[in-house]
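The numbers here are math on the coordinates, done by the rules we state, and not lab data. Note that the structure is a prediction, hence the values are computed from the model and not measured. Because the Cβ atoms are built from the backbone with ideal geometry, glycine has one as well, and the counts that use them run over all protein chains shown.
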Amino acid sequence: MLDLHPNSADNRYRAARFRLFQTLVLDQVLARRARCRILDVGGTAAYWLAFGANLDWQRISVVLLNLSPEPSTCPQIHSVVADARDIPLADMSFDVVHSNSMIEHVGLWKDMLNVATEIRRLAPRYFVQTPYYWFPIEPHAQTPFLHWLPEPLRARIVMARRSGYYGRAENIAVATEHVQSAFLLDRTQLHWLFPDATILTERAFGLPKSIIAVKDAA
């Protein structure tokens with residue numbers, strides 16, 4: 001998965017998004033039980049330290065699941081190394097699964113379906129956000145309409161100039177790897193992956209920017 005660092009605009013959206021997630025934790029978990037166990041698939045400790053200041057960390061623990069270790073100085077945040085398509089943890093090990101801008105990076109449809117199945121298996125609640133395909137600015141390359149173009153043309157644009165987080169690709173192999181590193185979803189696809197979820201919409205400039213699959217245990 002790409003190591004993407006959000007800019008200030010991204011942080012505003014992530015902060016608002018996290019407030020929605022925090023409501024899920026407070027109303028659906030901590031209002032009913034003493035502790036909340038959270039699995040963050042593809043998350044970082046920096047994200048939780050930046051946005052989770054208002055959480056009751058005496059009652060919350062977070063496990064970060066990534067392909068490589070994720071360092072944390074917070075005793076309530078732990079790291080697990082595993083593939084999100086096949087997670088070696090028991091069914092319903094957590095109270096809620098969180099995932100932010102991750103599922104679009106795991107591969108093709110079959111890979112996304114495996115990840116979604118694992119998320120639904122591991123907790124009765126989940127909060128999964130992903131960029132929306134029909135938003136005109138591709139969020140990783142930060143380039144208007146790029147993701148709507150044929151792949152060979154996208155690769156050549158990434159070779160020609162720096163494109164957001166990707167940088168200028170030095171050859172066609174690197175460029176192709178960049179443009180294949182994310183496959184954006186629309187609402188119908190996300191709902192198919194998470195059929196028991198409510199699909200929420202996050203907007204920017206009045207347009208749908210990202211979509212969020214939310215499942216509570218009610």
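Can you name the residue in segment 37-69 that is touching a helix residue (DSSP H, G or I) at 6+ places or on another chain (Cβ under 9 Å), farther than 15 Å from Ser99 by Cα and not hydrophobic (A, V, I, L, M, F, W, C) and is also surrounded by the fewest Cβ atoms within 10 Å (Cβ to Cβ) among such residues?
Once the filter is applied, the top-ranked residue is Asn54.
Given the options Val158, Val106, Val128, name the one that is closer than 24 Å to Thr23 by Cα and in contact (Cβ under 8 Å) with a residue 12 or more places away in the chain. Working first, answer last.
Numbers: Val158 fails: closer than 24 Å to Thr23 by Cα; Val106 fails: closer than 24 Å to Thr23 by Cα.
Testing whether each residue is closer than 24 Å to Thr23 by Cα and in contact (Cβ under 8 Å) with a residue 12 or more places away in the chain leaves just Val128.
Being in a strand (DSSP E or B) and either crowded, with 17+ Cβ neighbours inside 10 Å or of a type in the set (Gly, Ala, Ser) (or both), is that true of even one residue in segment 160-169?
No, segment 160-169 has no match at all.
Which of the residues spanning segment 100-124 are charged (D, E, K, R) and buried (at least 16 other Cβ atoms within 10 Å of the Cβ)?
Residues satisfying the conditions are Glu104, Asp111, Glu118, Arg120.
Which of the residues that make up segment 146-171 are closer than 21 Å to Leu190 by Cβ and among the hydrophobic types (A, V, I, L, M, F, W, C)?
Selection gives Leu146, Trp148.
Applying the selection to segment 44-62, what residues are of a type in the set (Phe, Trp, Tyr) and either in a strand (DSSP E or B) or under 14 Å from the mean Cα position of the chain (by Cα) (or both)?
Within segment 44-62, Tyr47, Trp48 qualify.
I need the full set of residues from segment 53-83 which are over 21 Å from Leu122 (Cα atoms) and among the polar types (S, T, N, Q), in order please.
Those that are over 21 Å from Leu122 (Cα atoms) and among the polar types (S, T, N, Q): Asn54, Gln58, Ser72, Thr73.
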